[in-house]
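Enquirer: First, the structure itself, so that you have it in front of you.
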Amino acid sequence: MTRVFVPGDAAALSVGAEEVAEALAREAPARGVSIEIIRNGSRGMFWLEPLVEVETAAGRIAYGPVAPADVPALLDGGLLEGKPGALCHGLTEAIPYLANQERLTFARCGVTDPFSLDDYRAHGGYRGLARALALTPAAIVEEVAASGLRGRGGAGFPTGIKWRTVLEQPAGQKYIVANADEGDSGTFADRMLMEGDPFLLIEGMTIAGIAVGATKGYIYIRSEYPHAFRAFSRAIHIAREAGLLGERVSGSAHAFDIEARLGAGAYICGEETSLLESLEGKRGLVRYRPPLPAIQGLFGQPTVVNNLLSFAAVPTILAEGAAFYANYGMGRSRGTMPLQLAGNMRRGGLVEKAFGITMRDAIEGFGGGTASGRPLRAVQVGGPLGAYLPESLLDTPIDYEALAAVGGMLGHGGIVVFDDTVDMARQARFAMEFCAAESCGKCTPCRIGSTRGVEVIDQVLARADVPANLALLDDLCEVLADASLCALGGLTPNPVRSALRHFPEDFDRAPAVTIAATSG
Amino acid sequence: MQAEPSMQELRELVAEFRPNRGHVMPALHKVQDRYGYIPRVAMDVIARQLNTTPALIYGAATFYTDFRLHPRPETEISWCSGPACRLKGGDRIREAIQQTLEVPLGGESEDGRYGLHIGQCNGTCTEAPQVWVNEKVVGNLTVSKAIRLARDVKGEAE
């Protein structure tokens, strides 16, 4: 029976993957051919979605983007034999966008059936856990530390050091918390993994639990991802039935289980202490630090809070060894980073590469430049609180330190591209507006400063005493950066100041479009 | 509009939740999934079930933008505020819908039958600029398509 792959990923579904699968299930038998349709994750080439793949003796052949109406003609044209023709891209693995990547974390995403443990194991799954079970907790932690893995959520804190801190706390209830509140607009790596390779995340969290002595894990998923929440909950159930979660993980003496929790529409809950408050059932107000969550985290107990992508890197590190992982990357940024190309990009999608790739290679080489075909003017890396960088800085390597040196940050790896029609003053205003809308309200600089920031930028745009108002804005940015309790207020000046520094001309003319209040 | 659910019905709905386990959010989600909003009486029931105060439940329910304390309008348009949609003229889509519906962002019609809310990027940016009509993506909008959509929503409601 011919195996056909049609993604069940939310991004593919939004462009009609369900209807394509239905059309295949209807049209193939009508031609006397029986097929097996596998709903895989996405390969991360969004401009080709829905991407249909057919398994042949030579490998998997890709067709896309496939509309439901294309299906009869594709079948008649020999899709099930992998014949070339309209919409055919040849071997999936040979498509340059995929072939030129270094996929460690996303090695299986889009390849396997996300809910088949057999498939997961056949593609190297659960080898990391097997090795971890043969090691002492301290040895697991040292392996992660030696890999050089740093937090993939934004701050870039060494994961091994965080785990060591939790391991060193006295025995008692400890927790593992996976941050899947992927709120940065233009990012989707967490979602793709939850839907496309959930056992990888379960394996990574389980290894973390065994390493630090935690028996319970939570994954906090943003409510905008109901599909991912259902997919991940289903995977937890399957892992539990197979004895990979529960009282005796894989028949060992270790207990570990995971509970999936849904957020409720608060960007701030991506901040780790706010997330912990939310998990405890409270308003998502940021906590003072110290104490660090590693010492007093969820319900006051020692807690490892890591981004989902950090946990996702762990099985590879354990299975292949720290040196294998550390061999990728540059400087103090080791391993690979799943970059997410979005905005005005010709070929948006997921690109996993070793640290050190330049922004230009990512945007032009993989992304193919702007979708509009107009000149690129600005790039925002690291979500809505990342700096706007001009074209002249595109040769900066993607590396925690190199980006920081030009005033940028990697964040969660989102890269949003803007062409020359962008009004940077408007973007700067949006940053303040975003902060005002999403502030938890606990600290004054963020709660009040962001609203004042919108007002001051409006004054500048109205050309009212521009030098004095720009000085005021700079002063306000300094207070936000230095005195905010968490990164929301602390990073909001990034987009504002970088827009002022690199695109001053946009602040000294009438705005291109009338600006109306947009926050709710 | 349906009447408020009974205490008994609510007690059964949240019976699985336990105190001190962070069950506030799951309980609120379950109530909202059932009724489309969090009735006032539900907060009392959840508080009792979780051995805490209604004030704490109310605090959580009002912090998160997903939770609503009033029944949702029959038709709700959520306008995506993400950057991909903005880049493709999302602000003009919003203005067109606001003017046609005659409600502000975050507002509802006087009869409560339709409303316009701010949405956060859900990653389906290939469809930008988009809105969600009762959670169904309506993408690749133009100003004229948006006006037609809003007129349909308004017409059906009148």
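Enquirer: Going by the conditions given, is residue A:422 buried (at least 19 other Cβ atoms within 10 Å of the Cβ), in contact (Cβ under 8 Å) with a residue 24 or more places away in the chain, part of a strand (DSSP E or B) and among the β-branched types (Val, Ile, Thr)?
Expert: no
Enquirer: Considering only residues that are part of a loop (DSSP other than H, G, I, E, B) and among the hydrophobic types (A, V, I, L, M, F, W, C), look in segment B:121-144 and name the one that is farthest from the other protein chains (Cβ to nearest Cβ).
Expert: Kept after step one, since they are part of a loop (DSSP other than H, G, I, E, B), are these residues of segment B:121-144: B:121-124, B:128-130, B:134-135, B:139-142.
Cutting the leftovers down to among the hydrophobic types (A, V, I, L, M, F, W, C) gives us B:121, B:128, B:141.
Working: B:121: 4, B:128: 9, B:141: 14 Å.
Taking the candidates together, the pick is B:141.
Enquirer: Still on this structure: Considering only segment B:41-69, state which residues are surrounded by fewer than 20 Cβ atoms within 10 Å (Cβ to Cβ), outside any loop (DSSP other than H, G, I, E, B) and not charged (D, E, K, R).
Expert: B:41, B:47, B:54, B:55, B:56, B:58, B:59, B:62
Enquirer: Moving on. For segment A:216-307, which strands (runs of 3 or more DSSP E) that fit wholly inside it have 2 or more residues that are closer than 28 Å to residue B:56 by Cβ, within 14 Å of chain B (Cβ to nearest Cβ) and within 25 Å of the chain's Cα centre (by Cα)?
Expert: The strands (runs of 3 or more DSSP E) meeting that bar are A:216-221, A:257-262.
Enquirer: Can I ask one more? Search segment A:396-416 for residues that are in contact (Cβ under 8 Å) with a residue 40 or more places away in the chain and pair each with any residue that is of a type in the set (Asp, Glu) when their beta-carbon atoms are under 7 Å apart and the residues are at least 6 apart or on different chains.
Expert: Here the result reads A:411/A:184; A:412/A:182; A:412/A:184; A:414/A:184, each pair linking segment A:396-416 to a residue that is of a type in the set (Asp, Glu).
Enquirer: Kindly provide the set of residues from segment A:27-59 that are surrounded by fewer than 19 Cβ atoms within 10 Å (Cβ to Cβ) and within 14 Å of chain B (Cβ to nearest Cβ), ordered by number.
Expert: A:47
Enquirer: Only one of these is more than 24 Å from residue A:270 (Cα to Cα), basic (Lys, Arg) and assigned to a helix (DSSP H, G or I): B:72, B:11. Name it.
Expert: B:11
Enquirer: Scan segment A:215-226 residue by residue and report those that are modelled with pLDDT of 95 or more, in contact with a helix residue (DSSP H, G or I) (Cβ under 7 Å, 6 or more places away or on another chain) and either crowded, with 21+ Cβ neighbours inside 10 Å or within 26 Å of residue A:183 (Cα to Cα) (or both).
Expert: If the condition is that a residue be modelled with pLDDT of 95 or more, in contact with a helix residue (DSSP H, G or I) (Cβ under 7 Å, 6 or more places away or on another chain) and either crowded, with 21+ Cβ neighbours inside 10 Å or within 26 Å of residue A:183 (Cα to Cα) (or both), then A:217, A:218, A:219, A:220, A:221 are the ones that fit.
Enquirer: Filter segment B:17-40 down to residues that are assigned to a loop (DSSP other than H, G, I, E, B) and either charged (D, E, K, R) or over 13 Å from the mean Cα position of the chain (by Cα) (or both) and give me whichever is farthest from residue A:298 (Cα to Cα).
Expert: B:39
Enquirer: Please work out which residue is nearest to the other protein chains (Cβ to nearest Cβ), limiting yourself to segment A:1-26 and to residues that are small (Gly, Ala, Ser) and not in a helix (DSSP H, G or I).
Expert: A:14
Enquirer: Here are some residues: B:102, B:135, B:110, B:74. Which one is among the acidic types (Asp, Glu), touching a Phe, Trp or Tyr at 6+ places or on another chain (Cβ under 8 Å), surrounded by fewer than 20 Cβ atoms within 10 Å (Cβ to Cβ) and over 24 Å from residue A:380 (Cβ atoms)?
Expert: B:74
Enquirer: May I pose another question? Have a look at B:147, B:118 and point out the one that is more than 10 Å from chain A (Cβ to nearest Cβ) and surrounded by fewer than 24 Cβ atoms within 10 Å (Cβ to Cβ). Walk me through it before giving the result.
Expert: Working: B:118 fails: more than 10 Å from chain A (Cβ to nearest Cβ).
Exactly one residue qualifies, and that residue is B:147.
Enquirer: Could you identify the single residue in B:68, B:92 that is over 15 Å from the mean Cα position of the chain (by Cα), among the basic types (Lys, Arg) and outside the structural domain of residue B:27 (by TED's automatic domain parsing)?
Expert: B:92
The values are calculated or read from the model by the stated rules, or taken from the named source; none is laboratory data. This one's a predicted model, so the numbers in the text were calculated from it and none came from an experiment. Cβ coordinates were reconstructed from backbone atoms using ideal geometry, including for glycine residues, and neighbour counts include every protein chain displayed.
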